[in-house]
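Enquirer: Please read through the structure below; I'll follow up with questions.
The values are calculated or read from the model by the stated rules, or taken from the named source; none is laboratory data. These numbers were taken from a predicted model, which means no experiment stands behind them. Every residue, glycine among them, receives a Cβ derived from its backbone with ideal geometry; neighbour counts consider all protein chains shown. Each accessible area value is taken on the protein alone, full model and side chains, heavy atoms only, with ligands, DNA and RNA left out. Shrake-Rupley method; radii C 1.70, N 1.55, O 1.52, S 1.80 Å.
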Amino acid sequence: MKSFTQFKDYDSANELIETALHYKKYPYVDASLGKGKRIGLIFLNPSLRTRVSTQIAASNLGMEAIVLNIDQDGWALEFEDGVKMNKKSVEHVKEAAAVLGSYFDILALRAFPSLTDKEKDMEEYIFTTFAKYAGKPIISLESATRHPLQSLADMITIKEQKVKDKPKVVLTWAPHIKAIPHAVANSFAEWALGCDYDLTITHPPGYELDEKFTQGAHITIDQEEALKDADFVYVKNWCVYHDYGKIQMMGDDWMLTEEKLSASPNAKIMHCLPVRRNLEISDEILDGKRSLVQEQANNRVFAAQAVLSKILK
Amino acid sequence: MKSFTQFKDYDSANELIETALHYKKYPYVDASLGKGKRIGLIFLNPSLRTRVSTQIAASNLGMEAIVLNIDQDGWALEFEDGVKMNKKSVEHVKEAAAVLGSYFDILALRAFPSLTDKEKDMEEYIFTTFAKYAGKPIISLESATRHPLQSLADMITIKEQKVKDKPKVVLTWAPHIKAIPHAVANSFAEWALGCDYDLTITHPPGYELDEKFTQGAHITIDQEEALKDADFVYVKNWCVYHDYGKIQMMGDDWMLTEEKLSASPNAKIMHCLPVRRNLEISDEILDGKRSLVQEQANNRVFAAQAVLSKILK
Amino acid sequence: MKSFTQFKDYDSANELIETALHYKKYPYVDASLGKGKRIGLIFLNPSLRTRVSTQIAASNLGMEAIVLNIDQDGWALEFEDGVKMNKKSVEHVKEAAAVLGSYFDILALRAFPSLTDKEKDMEEYIFTTFAKYAGKPIISLESATRHPLQSLADMITIKEQKVKDKPKVVLTWAPHIKAIPHAVANSFAEWALGCDYDLTITHPPGYELDEKFTQGAHITIDQEEALKDADFVYVKNWCVYHDYGKIQMMGDDWMLTEEKLSASPNAKIMHCLPVRRNLEISDEILDGKRSLVQEQANNRVFAAQAVLSKILK
């Protein structure tokens, strides 16, 4: 494997999930696989779980991880081609990515979308430009349209928790006060469908996701119908895709509560975190037995470790 | 030992001091005690000595330390219970602490007081809430009301420097331009009294500390009387406790100078740093032979190492 | 070697260059030289290459590197002597440097010039004050007037690339929108002259550098004449030295382009990065075969490794 930026195919996903579950039992079984190798964790945006879990995954494999908040520790990057750099950005991605590529064996990048330039976000302009000039295997720590390490951890969690072969998995939109990227929702749909789960997506009218990621899912604006008999409910806000980057309605009545789960008594609740309590999901759910959010976060370590080991091998 | 957040008892304090002095002679004697263990150093506030000395202490024991400026690198935390999170804070401590607890073997947290909500500060709301949800041994890197690693380093320093069994130790208030927490002063009083030293506290009227920490000390508003025949003088500013978080007077005449030490020729001067020169303490003292501030800072490494090793064992 | 802050002499420079080229071939040949040693990388200003390359150099030698953005992670420093600290700065360099000196075996500091106080900048007030109180070997990660690790990497690059004994090396001023320090230009001149290269410096009238660094160079305001038959062209902006810290003209016509290199067909182009594309140097050059900027950045690792190993030995 050269890079890890999105779902590839059913077999690869299963292999990564199995590897991760193996590392969860035996974290240090490959403790010298990464010896003498270095990974640069490059952040253009904040991160808690992704940052720490990837550092730990690298360390479990004997790799050295160096973290760089590039716009903060280093220099504000320019991504436009051919521009005369007489404004705020100090260094072009062409130079920065190539230099970092020469310093590290593997690079990992977090680059959120602009949510203003739809075309550039959709083509993953920042991520792919960086990857192009880095010239080294690259791992997505969340890009404009996908968050594959999160989705891999989610699939590991479902695999551990499911009691039937093809569980009903529901992705339900939740309210938020800010315009939030589509990456987690897109990626979750991509992986859940790729892993051949029975996926239902529910959201208020106008909040349709890019069809590229949702083909094969049952999509409905009726949250009640969607949640019925669910085995797993993944809660996530995202902003409007078609009227790009906008918030059309606050949708307070879309918050997930115990009451809404009355027709899905066995449903397990998932969220990638950070979660806004009592806005996206009620306290009663997050503090109760249905919640898998801690299991998901814990599996982030082993998802990253599986991906790193596959690149190293 | 499960956690380290405050003075426990005379015997435990002595054991930590002896262990620290042993590590000061032989820093690498337990170089593999922490092998395969990880500590997360979580900062809600700035830090120089605490940050670096704890990183070094962990490294001396073969532990991996990962530093996280959580509000900056990660997400602004919410600490209120039951709140609808539709404001600035992005992640609840319940999630963040539990996730970090799952990633690390030991956590260490710096959480300054608000200096506006007295009740919450006094009950160590932020620190104890984090500790509760972290579910792992936790070390205070300074909390709302205490700074125990500093006080342990201070006790190590006094132990090294004292020439009589029960030295006269004076804690004297000093001027400052900002409202400064009570943590260092409280903690120093707690440890000095617990170590059975002869403690005098002096401050301008109105600057009384919480009695919980000062019982057993001689307290006076007469700085001259307090300083007489002192063996150790600990200089520290703190804001008003009773009219919580306020500055009642600038108290320029409370700065410690050589002149004020005319009746205590052998007094050694201590300060936790950072110190404001010529506001809290005069240059002549800090640049002279009485000053122990560098010894205190240096002992921070071995204080942290003693605490870590006790938790690891 | 006790410290590394500037060019010393021809023999020392050559020895460092040879050592660096050896490490470039065999990075891990001294992998246990720095075992049990620690270096503190202290930043008062942003850094990408310097930060990461020095971390990697230390790691190649088995040393532990701890990075501190001191004004950000720690406390804003005061450098004035004798001042009453009742303003913004929280900690005096006297304390901070001495504490860090006690924590580390080697310190490295980045301290840009003020560009307002010429005298203090010229005497390297911040750097030398820090070094004085640190009391440990110190490495410049760029100070007010010099950037010796960059210049060493530049000399390594020229050594690797030159096809004649005494190549013609040109340092040419380039436009910028901000007032940029003289450190890289000074240092490059100092090292190129010290290495006995044929150095020409060209800049618009008024942009003369401090003569201390340029004696022995051919200096001209005629860029075309300067560039003729050049083997290496080092491009760099700097602000006015005599009317200190000012920008006298934007000098758009000083940008380096392919057209300007028509009379120097074999010229290799160098820049320390970050570079402002299409303001300092045109895209065509940076994306073409003349550019050595990546080689220079890559050599930063081995320059730092050579310096560290010489201090360790």
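Enquirer: Tell me the net charge near B:Phe79. Cut-off is 13 Å between Cβ atoms, B:Phe79 excluded, with +1 for each Lys or Arg and -1 for each Asp or Glu.
Expert: Local charge sum for B:Phe79: -4.
Enquirer: State the dimensionless ratio Rg/Rh of the protein assembly as shown (Rg: radius of gyration of Cα atoms; Rh: Kirkwood radius).
Expert: 0.99
Enquirer: Report, to one decimal in Å, the Kirkwood hydrodynamic radius for region B:134-217 based on all distinct Cα pairs.
Expert: 13.9
Enquirer: Which value in Å does the Kirkwood hydrodynamic radius of chain B take, with 1/r averaged over all unlike C-alpha pairs and then inverted?
Expert: Averaging 1/r across every pair of different Cα atoms and inverting gives 20.0 Å.
Enquirer: Right, next: Going out from 0 in 5 Å bins, what whole percent of all Cα-Cα distances in region C:1-159 drops into each bin?
Expert: 2, 8, 16, 21, 21, 15, 8, 5, 2, 1, 0
Enquirer: How many Cβ atoms of partner chains, on average, are near each residue of A:276-287 if near means within 10 Å of its Cβ?
Expert: 4
Enquirer: To the nearest Å, what is the center-to-center distance of region B:77-119 and region B:190-214, using C-alpha atoms only?
Expert: For region B:77-119 versus region B:190-214, the Cα centre distance is 30 Å.
Enquirer: Which whole-number percentage describes the relative contact order of chain C, with Cα contacts under 8 Å and a sequence gap of 6 or more?
Expert: Here the relative contact order equals 21 percent.
Enquirer: How far is helix B:148-161 tilted, in degrees, relative to the longest principal axis of the Cα atoms in chain B, given as a value from 0 to 90 rounded to the nearest 10?
Expert: Value to nearest ten degrees: 40.
Enquirer: Counting each pair of different Cα atoms once, what's the Kirkwood radius of region A:39-82 in Å, rounded to one decimal?
Expert: 11.6
Enquirer: How large is the helix-only mean residue ellipticity at 222 nm for the protein assembly as shown, computed as the sum of -39500 (n - 2.57) over DSSP H runs with n ≥ 4, divided by its residue count, in deg cm²/dmol to the nearest 500?
Expert: It lands at -11000 deg cm²/dmol.
Enquirer: Between copies, how far does the label point of B:Gln248 sit from its twins, in nm, shortest first, when each point is 7 Å from Cα along Cα→Cβ?
Expert: Output for B:Gln248: 6.1, 6.1 nm, nearest copy listed first.
Enquirer: Quick one: with label points 7 Å out along Cα→Cβ, list the inter-copy distances for A:Tyr28 in nm, shortest first?
Expert: Label point to label point, same position, other copies: 2.0, 2.0 nm.
Enquirer: Once the label point is placed 7 Å from Cα along Cβ, list for B:Asp11 the distances to the corresponding points in the other copies, in nm, shortest first.
Expert: 6.5, 6.5
Enquirer: What's the minimum Cβ distance from chain A to the axis relating it to C, in whole Å, and which residue gives it?
Expert: A:Gln72, 5
Enquirer: To continue, here is another question. For chain B, with a Gaussian network of springs between Cα atoms less than 10 Å apart, report the residue from B:Leu100, B:Leu141, B:Leu227 with the top mean-square fluctuation.
Expert: B:Leu100
Enquirer: At a probe size of 1.4 Å, how large is the accessible area of C:Lys166, to the nearest 10 Å²?
Expert: For C:Lys166, the solvent-accessible surface is approximately 110 Å².
Enquirer: Let me ask something additional. What figure, in Å² to the nearest 10, do you get for the accessible area of C:Ile219 with a 1.4 Å probe and non-protein molecules left out?
Expert: About 80 Å², rounded to the nearest 10.
Enquirer: List the aspartates and glutamates whose alpha-carbon lies under 19 Å from that of C:Lys35, not counting same-chain residues fewer than 8 positions away?
Expert: Cross-link targets: A:Glu64, B:Asp30, B:Glu64, C:Glu64, C:Asp105.
Enquirer: By its C-alpha gyration tensor, with a ≥ b ≥ c as the square roots of the eigenvalues, how is region A:150-297 shaped: rounded for a/c under 1.5, else prolate for a/b larger than b/c, else oblate?
Expert: rounded
Enquirer: Once you list every other residue whose beta carbon is under 14 Å from the beta carbon of A:Leu312, what net charge do they have if Lys and Arg are +1 and Asp and Glu are -1?
Expert: +4
Enquirer: Something else now. Using only atoms on other chains, find how many Cβ atoms lie within 10 Å of each Cβ of peptide A:167-177 and report the average.
Expert: 1
Enquirer: Among B:Ser89, B:Ser264, B:Ser143, which one moves the most in a GNM of chain B with springs linking Cα atoms closer than 10 Å?
Expert: Taking springs between Cα atoms under 10 Å, the residue moving most is B:Ser89.
Enquirer: Would you tell me the mean number of C-beta atoms belonging to other protein chains that fall within 10 Å of each C-beta in C:85-92, as a whole number?
Expert: 6
Enquirer: Now for a separate question. Any chance you could give the angle, 0 to 90 degrees and rounded to 10, that helix B:125-134 forms with the longest Cα principal axis of chain B?
Expert: So the helix axis and the longest Cα principal axis differ by about 40 degrees.
Enquirer: Continuing with the same structure: In whole Å, how far is the Cα centre of region C:1-67 from that of region B:15-35?
Expert: A separation of 29 Å, based on Cα centres.
Enquirer: Report the net charge of residues surrounding A:Ile106, where surrounding means a beta-carbon distance below 13 angstrom and charges are Lys +1, Arg +1, Asp -1, Glu -1.
Expert: Here the charged neighbours net out to +4.
Enquirer: Going by alpha carbons, how many degrees (0 to 90, nearest 10) lie between the helix axis of C:93-103 and the longest principal axis of chain C?
Expert: 80
Enquirer: Right, here's the next one. Calculate the length of the line joining the C-alpha centroid of region B:242-258 to that of region A:123-143, in whole Å.
Expert: After rounding, the separation between the Cα centres reads 55 Å.
Enquirer: Of A:Glu78, A:Glu18, A:Glu280, which has the most accessible area with a 1.4 Å probe, and how do the rest follow in descending order?
Expert: Solvent-accessible surface, decreasing: A:Glu18, A:Glu78, A:Glu280.
Enquirer: Going by average Cβ density within 10 Å per residue, which order do the peptides B:209-216, B:69-76 take, highest to lowest?
Expert: Result, highest mean first: B:69-76, B:209-216.
Enquirer: Is there a pair in A:Lys118/A:Lys168; C:Lys164/C:Lys228; B:Lys87/B:Lys246; B:Lys37/B:Lys159; A:Lys162/B:Lys136; A:Lys24/A:Lys236 whose C-alpha atoms are over 23 Å apart, and which pairs would that be?
Expert: A:Lys118/A:Lys168; B:Lys87/B:Lys246; B:Lys37/B:Lys159; A:Lys162/B:Lys136; A:Lys24/A:Lys236
Enquirer: I'd like the accessible area for A:Leu256: 1.4 Å probe, protein heavy atoms, all chains in place, Å² to the nearest 10.
Expert: Its accessible surface works out to 0 Å², give or take rounding.
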